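K.L.:
This is the structure I want to talk about, given as structure tokens.
The values are calculated or read from the model by the stated rules, or taken from the named source; none is laboratory data. Note that the structure is predicted; figures quoted are calculated from it, not measured. Don't worry about glycine lacking a Cβ; one is built from the backbone with ideal geometry, like all the others, and counts go over all protein chains shown. With ligands, DNA and RNA removed, areas are computed over all heavy atoms of the protein, side chains included. Shrake-Rupley method; radii C 1.70, N 1.55, O 1.52, S 1.80 Å.
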Amino acid sequence: MPRKPISKLSRQSDGKTGDPLALIIKALAFSANKHRDQRRKDTPASPYINHPIDLANVLRNEGGIRDGVVICAALLHDTIEDTQTSPEELQREFGKRVCAIVLEMTDDKRLPKNERKRLQIEQAPGLSRRAKLVKLADKICNLRDVAYSPPERWDLQRRQQYFDWARQVVDGLRGVHARLERAFDEVFLLRPRQ
Ligand code: ZN
């Protein structure tokens, strides 16, 4: 069956219309389309799009964040890293500011995994304020997922290491949002023990 082309999505809400909700819905549709064939690593193999939606939900409904640029970037944060999406495409559809944050959230997949993880710790303090918010929400959501529905093959040590790494990243961006940092500290209490 032919895929609906992305260009069919409205291009009128490119952030210059003063209609943040339109841009957010467009980001949601765009991201759902890009991630349409991907699944999470948890046992039920949940649809991937649940993850970016989780971030947006945490930012808005736990963090009280009303900045549409941050919410859009959260919905799109994995598109460059994990789907066939170019920075040019994001910039064209969502503007420079959203694209810049997504780029800040994008690991260089040419590097080995350990190096990418080390760089996330090293680079956290230098992220823009908006990227720090998205990063913080990402770590909150990922730890909740590992605590409540971990990837099937992750043993105790791997889950513990993931918690410890996420905490090192978050420690590098503290001071950005007290309420969300508290939410992170709460989820960290779920660090697996057995
Ligand atoms: Zn993510």
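K.L.:
Mind listing whichever residues of the stretch 49-67 are within 17 Å of Lys132 (Cβ to Cβ) and away from the ligand (no atom under 14 Å from the Cβ)?
P.N.:
Matches in the stretch 49-67: Arg60, Glu62, Gly63, Gly64, Ile65, Arg66, Asp67.
K.L.:
Would you mind stating whether Leu143 is exposed (fewer than 13 other Cβ atoms within 10 Å of the Cβ) and within 21 Å of Lys41 (Cα to Cα)?
P.N.:
no
K.L.:
Also, quick follow-up: Output the residues belonging to the stretch 48-76 that are part of a helix (DSSP H, G or I) and open to solvent by 40 Å² or more (accessible area, probe 1.4 Å).
P.N.:
Within the stretch 48-76, Asn50, Ile53, Asp54, Asn57, Arg60, Asn61, Glu62 meet the criteria.
K.L.:
Let me ask something else. Could you check, for the stretch 152-165, whether at least one of its residues is within 16 Å of the ligand (Cβ to nearest atom) and at pLDDT below 95?
P.N.:
Within the stretch 152-165, none of the residues are within 16 Å of the ligand (Cβ to nearest atom) and at pLDDT below 95.
K.L.:
Which of the numbered conditions does Gln120 fail, given that it passes all the others? Conditions: (1) touching a residue at least 24 places away in the same chain (Cβ under 8 Å); (2) over 27 Å from Thr43 (Cα atoms).
P.N.:
(2)
K.L.:
Would you be able to say whether some residue in the stretch 175-182 is within 26 Å of Arg39 (Cα to Cα) and more than 15 Å from the chain's Cα centre (by Cα)?
P.N.:
No.
K.L.:
Given the criterion under 13 Å from the mean Cα position of the chain (by Cα) and surrounded by fewer than 18 Cβ atoms within 10 Å (Cβ to Cβ), identify the matching residue among Leu133, Leu103, Leu156.
P.N.:
The conditions single out Leu103.
K.L.:
Further, regarding this structure: Determine which member of the set Glu115, Glu93, Glu88 is more than 15 Å from the ligand (Cβ to nearest atom), open to solvent by 40 Å² or more (accessible area, probe 1.4 Å) and closer than 22 Å to His35 by Cα.
P.N.:
Within the list Glu115, Glu93, Glu88, the selection yields Glu88.
K.L.:
Taking Glu81, is it surrounded by fewer than 19 Cβ atoms within 10 Å (Cβ to Cβ), without any contact (Cβ under 8 Å) to a residue 40 or more places away in the chain, acidic (Asp, Glu) and away from the ligand (no atom under 11 Å from the Cβ)?
P.N.:
It is false that Glu81 is surrounded by fewer than 19 Cβ atoms within 10 Å (Cβ to Cβ), without any contact (Cβ under 8 Å) to a residue 40 or more places away in the chain, acidic (Asp, Glu) and away from the ligand (no atom under 11 Å from the Cβ).
K.L.:
Quick check, is Cys99 away from the ligand (no atom under 15 Å from the Cβ) and either among the acidic types (Asp, Glu) or under 30 Å from Lys26 (Cα atoms) (or both)?
P.N.:
Criteria met by Cys99.
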